[in-house]
Amino acid sequence: MITLSIDTKTIQVAPDTNVLKAALDNGIHIPHLCYHPDLSISGGCRLCLVEVEGQDQPVLSCGLTAAEGMVIQTQSEQLTELRRGVLDLFISDHPLDCVVCDKAGSCTLQEYAYEYGLKETSYEPTVSSALFQDDNPFFLRDHQYCILCGRCVRVCDEIVGVHAIDFANRGFETNIATPYDGPMIDSTCVFCGNCVQVCPTAALMPVSRLQRGREWDLDRTLSVCGYCGVGCQIEYATKDNAIIYAQAPEHGAANGTFLCTKGRYGWDFATSPERLKQPMLRRDVAHKLGLTEEPWELPETSPLDIRNPNVEQYFVPVDWDTALEFVSSRLSEITESHGPDSIMGLASARCTNEDNYLFQKFMRAVIGTNNIDHCARL
Amino acid sequence: MSREKLDQIAEKEQARQSQFDKRIHCCISTACLSAGAGHTIQTLRDSVEAAPTGDEVEVVQTGCMGLCSRGPLVRVQEKSGEEVYYADVDSECAEELVAKTVSWDQAQAKQQKLSSELQTVRARLETARRKRSLKKHILSPDMPFFTKQVKVVLRDVGYVDPEKLEDYLAHGGYEALHKVLTEMSPEQVCDEMLNSGLRGRGGAGFPTGLKWNFVRREQSDVKYVVVNGDEGDPGAYMDRTVMEDNPHQVLEGMMIAAYAVGANHGYFYIRAEYPIAIDRIRGAIRAARRHGILGKSVLGTDFSYNADVRIGAGAFVCGEETALIHSIEGKRGVPRMRPPYPSTSGLWGKPTVINNVETFASVPAIIKEGADWYAQIGTEKSKGTKVFALAGQLTNTGLIEVPMGITLKEIVYEIGGDVPGDAEFKAAQTGGPSGGCIPNTHMDTPVDYESLQELGSIMGSGGLVIIDSTTSMPEFARFFMDFCVDESCGKCVPCRVGTVQIRTLLDKIIEGRGEPEDLDKLEALCQLVRSTSLCGLGQSAPNPVLSTLRFFRHEYEALIPTNA
Ligand SMILES: Cc1cc2nc3c(=O)[nH]c(=O)nc-3n(C[C@H](O)[C@H](O)[C@H](O)COP(=O)(O)O)c2cc1C
Ligand code: SF4
Ligand code: SF4
Ligand code: SF4
Ligand code: FES
């Protein structure tokens, strides 16, 4: 471990830790826009300057490796002046329409402008790119808010491994683009939305949250994504009991700060009228079991082929015991009459590893067949 | 191929050259070519062929002779070594020159049957013999333009045929490489560089021996050497000239570096706008490979080395070493934070030496003549010579090589021959868009790294623009700011946005809309961009504005309505 001092606080960190991380992990805040703990270092935002004892010039803390005995100051008049100057340049190329911005309250640039008391830019406001791209149903790209921190580019390349976007053009004309600036759908993008999550500004926004409330209007519920066995932690932002958007929480045990497209955007089932909330038995079976009065005939077309929101026309809700009792008795009957190999099991990726293990054990040891497969192989 | 074989080639070439009574060198470097050197050399060749004693004269294509503003330049070299320079040699002048250079003694005349075209040329030569205009074209060898220069890097430039390895060998080429491979340890080579005091000619002036030592001491199975031939400073063409006009000299310097640091592979990074340099370097690499100078067993020793060319797409920032590395790696050419420096983690994460073309081109002479010889040229802290592309409002402009420590005054009034017309010398800009201007009140300043820095400028890579009294300094500064706005890579905000805002302020002031507080605002913004930008481009972009503000503030003030 390496011991250093930041703002008179003595801190121990692992070797090769950068000073910005060392500070943040220890509750000392240094402003930063391009740094993200899970991404490579960029050094482009120039905000994380600190003073290092023994060095004349301020140094970027994100690019500074902590060394034994280092003495760091994160606040000083000089640093405030420089950070203020840099922020002033940032906001000269950014619409200051926070009063109507959906990101207000969770925008990092706004937070720093507030912290450093920048009501307006002292330069000639000049927005570099007015490009507005809403070419997909999941997120939109509003370039006038983009501060070119490059987090989206790095997350897409380094974490998602897709590299659908990168910097295009140079200097003041730089913007984030897909190859040849084609529509998102024609790029290699998998719409995981991790770029949206790491974006500090309103340049990348989930479509679902537009004009549906700002950060302080939303409630947050921590949950586990139901889509697969990985068990990513997920945070639902809701208002009046409706989901506004989903994102990864700060430190999910399985997923860190990232999610895939299903967890992030595929939550409309939660409030869908089609959603099944309890087991159901087909009407003819239920009648045979004496659960319903009226007899019922299976129509020509299989109910599985009919996409009908009114499932109750075909099915009767039952309790779990009844449902399980029925399944187990039918399995026993079929095993006895046709042999165990007349049954096959198809496991689901939505179950955990443990569930899947138990399922194949059940098929082999209880039913007595090796006919078992998994949907992930289909 | 062994050293002996190369010596034989060199001797054969020297013998071939000494057959000729006279050799006519014609510069075919870019500046002369654009002044019509293509026609000149063709006329020289035809005329020599048609002349009665033409086989005693050889016409040689060479590189830059320096006085580019007077091109096409031609030099006649006698067997005795005596030389005469001719300026502005158009076809007509070339005929007269040949007519007066060859002997018309019938006894020596060769027996030949002239084709009808050559008969016409012969007839023209007969007429040209009687003309009297050649004198006007002669440049006096006593011109300060020539006498004030000290040629180390450019010594053979303008003499050797850049497309002939034999000619380079005949001029002592690859002797230095052979010397280090057979007589010196890598450590000794690095020490020799340290002792010579050679500092990087790419702009920053970092001691070359120190850099090589860093890389030499790194433990790594693979190391690289990179020649920085990106030369983005507008108007500068020192590196292009050396690569075009004596490519083997750069290759030799690079190979000596490779041996010194333990590298077996290297790259020339050359901007795409330099197609001739690319061709010549590639040609040099091919010729060197054919002759066993490059490859598995260099000059018969157990040192192996290979070099390749990588072409840059012409972004100024790709001259910055980390951006250059990204560009060679096939990534977007943007700088990254240092450390780690390329000497520890460079190309593909391996220890890498990156030096400027001129730095490498200085190396063979240092090895051959010795560090002490080199260190006696120049000043205490800036040793050796520096090549400048002298441009702007001067009588003589072109490529010059001067000892470090020469004063600006000597360059402007003696080498440059003063500002033409009624105007006066006002300031000199060194370092291009990254540098600053030095006003005429400081013209006794010695040109060395420290003195220029004290004045708020930099040595830079060799751009030297002379400004006369008719030029407006705020507009001059805006020209360079425009350049930086265009060339900023956009990675960091002070440079991406700051340069645009500096230009906006300059526009406002120049267009007469300035307010009194704008000058302080401009200065503060320049300081901010300088102290917070990521790479040298942004850090130095404000220099032209800051230095004109420092020395010519009154010109800015005069533009502000309330002060006017
Ligand atoms: C914006 C920028 C442009 C540069 N362009 C060049 C260039 O064109 N040629 C060059 O040799 N060095 C250039 N440099 C300097 C290089 O980064 C590097 O310091 C140099 O190649 C090292 O070689 P030297 O030690 O021989 O000077 C540039 C630096 C910056 C910041
Ligand atoms: S949604 Fe995912 S794949 Fe698409 S650009 Fe963003 S990070 Fe890359
Ligand atoms: S879109 Fe967002 S994350 Fe990407 S560069 Fe712009 S501000 Fe940064
Ligand atoms: S200073 Fe300019 S050129 Fe250098 S990294 Fe920053 S934006 Fe790019
Ligand atoms: S966080 Fe260090 S430069 Fe952006």
* Asked: Taking N as the number of residues in chain B, what is its alpha-carbon radius of gyration divided by 2.2 N^0.38 Å?
  -> 1.03
* **Distant-in-sequence amide H partners of A:Thr257 (H built 1.01 Å from N, under 5 Å)** => A:Gly252
* Give the shape of the stretch A:210-282 as rounded, prolate or oblate, defined through the alpha-carbon gyration tensor: a ≥ b ≥ c are the square roots of its eigenvalues, a/c under 1.5 means rounded, and otherwise the shape is prolate if a/b is larger than b/c and oblate if not. => oblate
* **Largest-first principal axis extents of the Cα set of the protein assembly as shown (Å)** => 136, 76, 59
* the stretch A:2-75 - charge dipole about Cα centre, Lys and Arg +1 at Cβ, Asp and Glu -1, debye rounded to 20 -> 160 debye
* Asked: Any idea how far apart B:Asn306 and A:Ser348 come out in nm if each label point goes 7 Å out from Cα toward Cβ?
  -> 5.7 nm
* To do: Please return the longest stretch of chain A lacking exposed loop sites, where trypsin sites (Lys or Arg not before Pro) count only if DSSP places them in a loop and at most 10 other Cβ atoms lie within 10 Å.
  => A:120-274
* Net charge near B:Gly436, counting Lys/Arg +1 and Asp/Glu -1 over other residues with Cβ under 12 Å of its Cβ? -> +1
* Asked: Could you give the dipole magnitude of chain B about its Cα centre, charging the beta-carbon of Lys and Arg +1 and that of Asp and Glu -1, in debye to the nearest 20?
  -> 1080 debye
* Structure fact -> Probe 1.4 Å, protein heavy atoms only: B and A together bury a total accessible area in Å², to the nearest 100, of 2200 Å²
* Structure fact -> Measuring from the longest principal axis of the C-alpha atoms of chain B, the long axis of helix B:91-101 (C-alpha) lies at a number of degrees, nearest 10, equal to 50 degrees
* Structure fact -> Quick calc, the protein assembly as shown, dipole around Cα centre from Cβ unit charges on Lys, Arg (+) and Asp, Glu (-), nearest 20 debye, gives 1760 debye
* Structure fact -> In Å², rounded to a whole number, the accessible area per residue of the protein assembly as shown with probe 1.4 Å is 44 Å²
* Scan chain B and hand back the longest stretch that contains none of the GluC sites (Glu not before Pro) lying in DSSP loops with at most 11 other Cβ atoms within 10 Å. => B:83-379
* Structure fact -> The summed charge of the B:Gln19 Cβ neighbourhood (under 12 Å; Lys/Arg +1, Asp/Glu -1) stands at 0
* Of B:Phe425, B:Cys26, B:Trp373, farthest towards positive along the dipole that unit charges on Lys, Arg, Asp, Glu beta carbons give chain B -> B:Cys26
* Structure fact -> Listed by chain and number, the residues whose amide H is under 5 Å from that of A:Tyr245, excluding neighbours fewer than 5 places away on the same chain and using placed H, are A:Ala237
* Structure fact -> With Cα springs under 10 Å, the Gaussian network model of chain A assigns the largest mean-square fluctuation among A:Asp319, A:Asp355, A:Asp166 to A:Asp319
* Asked: For chain B, which longest stretch is free of loop sites, where a loop site is one of the trypsin sites (Lys or Arg not before Pro) that DSSP puts outside H, G, I, E and B and that has at most 12 other Cβ atoms within 10 Å?
  -> B:332-512
* Does any residue of the stretch B:464-492 lose at least 40 Å² of accessible area with all protein chains in place compared with its chain alone, and if so which ones (probe 1.4 Å)? -> B:Lys491
* In a shell of Cβ-Cβ distance under 11 Å around B:Met184, excluding B:Met184 itself, what net charge do Lys and Arg (+1) and Asp and Glu (-1) give? -> -3
* Structure fact -> In degrees, nearest 10, the alpha-carbon axis of helix B:518-532 is tilted away from the dominant principal axis of the alpha carbons of chain B by 70 degrees
* Structure fact -> For B:Tyr267, other-chain or 5+-apart residues with amide H closer than 5 Å (H placed, Pro excluded) are B:Val225, B:Val226, B:Val227, B:Asp308
* Asked: Antiparallel DSSP bridges in chain B: what percent, to the nearest 5?
  -> 50 percent
* **Set of lysines near A:Lys239 by C-alpha distance (under 23 Å), chain-local residues within fewer than 8 positions excluded** => A:Lys103, A:Lys262, A:Lys277
* Structure fact -> The simple spin-label model distance between A:Ala365 and B:Asp55, using points 7 Å out along Cα→Cβ, in nm, is 10.5 nm
* Which Cα, out of B:Met243, B:Gly512, B:Val529, lies furthest along the positive dipole direction of the protein assembly as shown (beta carbon charges, K/R +1, D/E -1)? -> B:Met243
* **Fluctuation leader among A:Cys152, A:Cys192, A:Cys101 - chain A, Gaussian network, Cα springs under 10 angstrom** => A:Cys101
* Would you work out if the stretch B:196-295 is rounded, prolate or oblate? Take a ≥ b ≥ c from the square roots of the eigenvalues of the alpha-carbon gyration tensor; rounded if a/c is under 1.5, else prolate when a/b is larger than b/c, oblate otherwise. => oblate
* Asked: Gap in Å between the Cα centre of the stretch B:34-74 and the Cα centre of the stretch B:138-215?
  -> 27 Å
* To do: Filter the GluC sites (Glu not before Pro) in the stretch A:220-317 down to the DSSP loop ones having no more than 10 other Cβ atoms within 10 Å, then list what survives.
  => A:Glu250, A:Glu274, A:Glu293, A:Glu297, A:Glu300
* Which one of A:Ala270, A:Ala113, A:Ala203 has the biggest mean-square fluctuation once chain A is modelled by GNM with Cα springs under 10 Å? -> A:Ala270
* Eligible lysines near B:Lys521 by straight Cα distance, threshold 27 Å, same-chain separation 8 or greater -> A:Lys119, B:Lys426, B:Lys491, B:Lys508
* Residue among A:Gly105, A:Gln78, A:Cys34 farthest towards the positive dipole end of the stretch A:1-108, charges placed on Cβ -> A:Gly105
* To do: Decide, for the stretch B:66-176, between rounded, prolate and oblate: order the square roots of the alpha carbon gyration tensor eigenvalues as a ≥ b ≥ c, take rounded if a/c falls under 1.5, and otherwise choose prolate if a/b is larger than b/c, else oblate.
  => oblate
* Structure fact -> If one compares the long axis through the Cα atoms of helix A:320-338 with the longest principal axis of the Cα atoms of chain A, the angle in degrees, nearest 10, works out at 60 degrees
* To do: Provide the percentage of antiparallel DSSP beta bridges, counting only those with both residues in the protein assembly as shown; round to the nearest 5.
  => 65 percent
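The values are calculated or read from the model by the stated rules, or taken from the named source; none is laboratory data. As the structure is a prediction and not an experimental result, all values here were calculated from the model. We place every Cβ from the backbone using ideal geometry, glycine too, and count neighbours over all the protein chains shown. Remember, those area values only see protein heavy atoms, side chains included, never the ligands or the DNA or RNA. Shrake-Rupley method; radii C 1.70, N 1.55, O 1.52, S 1.80 Å.
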